[in-house]
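Participant: Attaching a single structure in structure tokens format; questions to follow.
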Amino acid sequence: MKVLVTGHGGFASGMAAASRMIVGDQELIDWLPFEEGTNLSDYQAQIAASIEAHGAQGLLILTDFKGGTPFNVSMLLSQGHPQVAVLAGTNLAMILEAIDQAPTASSVTDLADHLVVIGRQGLLRGILQARD
């Protein structure tokens, strides 16, 4: 199974740098930025190529947020590919878990469902309470 991380601006490169700092380089993840000035046709072609290359054995596409170009393009191009799943709202906890779990996941759907749970668990509102 392969993972593709994409998003606006420096999202993918920032997530790549952060994950490398924690767990080192990972061959199972590709990083595809969608930066200002990116040619949309070229970007679509890169996602389509990843789906064609890895879709049969399982491809999980992690995007920054629902409704943005990376998510919309990924959803459109993944139609008709049952072994491709797309998630929005990616955080670092999800990426690290994907690195750990993708090699042994039973299916891309199971991995996607698991990462949604991990992503939610990674959200926390910190409250600093005054001490007496």
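Participant: Can you name every residue in the range 58-83 that is out of contact with any helix residue (DSSP H, G or I) (no Cβ under 8 Å at 6 or more places or on another chain), on the phi < 0 side of the Ramachandran plot and open to solvent by 40 Å² or more (accessible area, probe 1.4 Å)?
Facilitator: LYS66, ASN72, MET75, LEU76, GLN79, PRO82 - these are the residues of the range 58-83 that are out of contact with any helix residue (DSSP H, G or I) (no Cβ under 8 Å at 6 or more places or on another chain), on the phi < 0 side of the Ramachandran plot and open to solvent by 40 Å² or more (accessible area, probe 1.4 Å).
Participant: What number of residues within the range 84-120 are in a helix (DSSP H, G or I) and touching a helix residue (DSSP H, G or I) at 6+ places or on another chain (Cβ under 7 Å)?
Facilitator: Adding up the residues that qualify gives 15.
Each row is one residue, and each column tells you yes or no for (1) among the hydrophobic types (A, V, I, L, M, F, W, C); (2) over 19 Å from GLY119 (Cβ atoms); (3) free of Cβ contacts under 8 Å to residues at least 40 places away in the same chain.
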residue	(1), (2), (3)
MET21	yes, yes, yes
LEU28	yes, no, no
ASN39	no, yes, yes
ALA49	yes, yes, yes
GLU52	no, yes, yes
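Participant: How about the range 100-116: which of its residues are under 22 Å from HIS8 (Cβ atoms) and surrounded by fewer than 17 Cβ atoms within 10 Å (Cβ to Cβ)?
Facilitator: Selection gives VAL116 alone.
Participant: Failed condition for GLU97, given (1) closer than 23 Å to MET21 by Cα; (2) surrounded by fewer than 14 Cβ atoms within 10 Å (Cβ to Cβ), with all others met?
Facilitator: Just one mismatch for GLU97, condition (2).
Participant: So which of GLY10, GLY55, GLY14 ends up being out of contact with any Leu (no Cβ under 8 Å at 6 or more places or on another chain), on the phi < 0 side of the Ramachandran plot and modelled with pLDDT under 95?
Facilitator: Being out of contact with any Leu (no Cβ under 8 Å at 6 or more places or on another chain), on the phi < 0 side of the Ramachandran plot and modelled with pLDDT under 95 holds for just one of GLY10, GLY55, GLY14, which is GLY55.
The values are calculated or read from the model by the stated rules, or taken from the named source; none is laboratory data. Computed from a prediction, not measured in an experiment: that's the story for all the values here. Every residue, glycine as well, gets a Cβ built from its backbone with ideal geometry; the counts of neighbours run over all protein chains shown. Side chains are part of the model used for accessible areas, which takes the heavy atoms of the whole protein and leaves out ligands, DNA and RNA. Shrake-Rupley method; radii C 1.70, N 1.55, O 1.52, S 1.80 Å.
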